[in-house]
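First up is the structure itself, then whatever we jot down about it.
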Amino acid sequence: MSDVSFLTREIGSLGKPSWRVKTFAGRPLDESDVAEAERWGARLQVDGHERLLELLRSGQFAAAELPEIDDWAVIYAIRLLEQVGLDIVYDGEQRRTEMYDHVAAFARGFEPRGTVRSFDNKYYNKAAVVESPSIDGPQDVEEYEFVRAHTERGVKVPLTGAYTMEDWSYDEHYAHEGALGGSRERRYEARRLFVADVATNVILPNVEGLVAAGADWIQIDEPAATTKPDEVPLVVEGFNAATRGVEAKKSMHICFSDYSALWPAVLDLDDCLELQLEFANRDSRELGTGDDDRPGYEDTLKLFKEHGYPNVGLGVLDIHSDFVEPAELVRDRILYATEVLGDPERIQVNPDCGLRTRSWDVVYEKLANMVQGTRLAEEALNRAPTSAPA
């Protein structure tokens, strides 16, 4: 058997630097913001970051300078992900306001209705769908091309899924008659049509544009996947419609979910490389590779084994805590997963979810330990058994 080697990657978002947030919010910067830009520019060895410091110290930002500030935020994020040692990177979604709003604000058919809380005191601008959503062309090609031009690592593009867009929106178009007393079947069909239109008319053109530009890995994010367990088939239909006919690696990231509700519906995902799931925030922080040691992994991994689902994106970092997982704990989580699934090639390693809830200092340490722990797991699996004496 060839040596075991796991891919490591970030799932999607990183918190945005204070200087980027304040600049785009029109708030004045203070000395600490510039100091942070200088500290991280030096730590990450960002070429030419003195230009950013000059820009920030001016305190006056013309509209034409805001895209340049975005560029710097992207470059800083890429350098962080590279420096901790990830194999697959993106830009921490530095140009995106929030995963839902990024789509709703771009596509036709959505109108803003106010701000609601999502999790961890994080908020998004909830919209209502008022007509069938559509776009004139791909949304994220320029973003991808900038990332691709600034890294030699593999690149994976995260995109918000059709079911999450439907579930997180008010419906003032497809189902307002059903919502006033229509049958359960009519309400379900209305949601199905909503998902299908977003998948086909918003996400698929974006995916096709990205792949035409050279993207070879598309990740569909569906945090709402099991909000209504009987609608998991709509999650699957949305993924299939949003990636139909696309020649690229395709995967799905799911968090905040009851994973038992995914089966057996997810077996109908078309050409889905893997399911990327959260595990660590449900797990013990103690070392060990037995079932009792790994309560956050046991039940879900056994579903993969039971149903024969091919691959898992293994979340090994709790993104809701500043606790920095020791490399040895990451190692044991990977070794346990390998033992349950019986094949290390079925596993790729990542955090539970995007790390936008944590500071960059915590993110750096967590991801660096994730990579170190992955290498420790590889060493343990590749270590040749001791030969018995003759």
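The values are calculated or read from the model by the stated rules, or taken from the named source; none is laboratory data. All figures in this text were calculated on a predicted structure; none of them were measured in a lab. Cβ sites come from the backbone with ideal geometry, for glycine too, and all protein chains shown count toward neighbours. Please note that ligands, DNA and RNA were not included when accessible areas were found on the heavy atoms of the full protein model with its side chains. Shrake-Rupley method; radii C 1.70, N 1.55, O 1.52, S 1.80 Å.
Entry note, the chain: relative contact order of 17 percent, from Cα contacts under 8 Å with a spacing of 6+ residues. So which residue, out of Leu317, Leu56, Leu66, gets the largest mean-square fluctuation from a GNM of the chain using Cα contacts under 10 Å as springs? Among Leu317, Leu56, Leu66, the largest mean-square fluctuation in the Gaussian network model of the chain belongs to Leu66. Across the stretch 133-228, the mean sequence separation of Cα contacts (distance under 8 Å, 6 or more residues apart), normalised by length, yields a relative contact order of 53 percent. Membrane-span-like helices in the chain, defined purely by DSSP H runs whose alpha carbon atoms cover 30 Å or more axially and whose average Kyte-Doolittle hydropathy reaches -0.5, are 360-382.
Taking amide H atoms as placed 1.01 Å from N in the peptide plane, the amide H of Asp221 lies under 5 Å from those of Leu159, Thr160, Gly161, His253, each 5 or more residues away in sequence or on another chain. What you get for the stretch 128-234, charging only the Cβ of Lys and Arg (+1) and of Asp and Glu (-1), is a dipole of about 320 debye around the Cα centre. Taking a straight Cα-Cα cut-off under 29 Å and skipping sequence neighbours fewer than 8 places away in the same chain, the lysines within cross-link reach of Lys250 are Lys16, Lys122, Lys126, Lys156, Lys228, Lys302, Lys305, Lys366. When both bridge partners sit in the chain, DSSP labels roughly 25% of those beta bridges antiparallel.
Within the listed set Val116, Val147, Val202, the residue fluctuating most in the Gaussian network model of the chain (springs between alpha-carbon atoms under 10 angstrom) is Val116.
Dimensions of the stretch 91-226 based on its C-alpha atoms, expressed as ranges along the principal axes with the largest first, amount to 55, 33, 26 Å. Calculated [222 nm] ellipticity per residue, helices only, for the chain: -12000 deg cm²/dmol; basis is -39500 (n - 2.57) per DSSP H run with n ≥ 4, divided by all residues, nearest 500. With protein chains left intact and a 1.4 Å probe, residues in the chain average 43 Å² of accessible area per residue.
Expressed as a whole percent, the accessible area of the chain that falls on carbon and sulfur atoms is 48 (1.4 Å probe). Computed on the stretch 166-280, with alpha-carbon pairs under 8 angstrom and 6+ residues apart, the relative contact order is 25 percent. Distance between Cα centroids, the stretch 61-114 to the stretch 136-171: provide it in whole Å. Cα centroid of the stretch 61-114 versus Cα centroid of the stretch 136-171: 10 Å apart.
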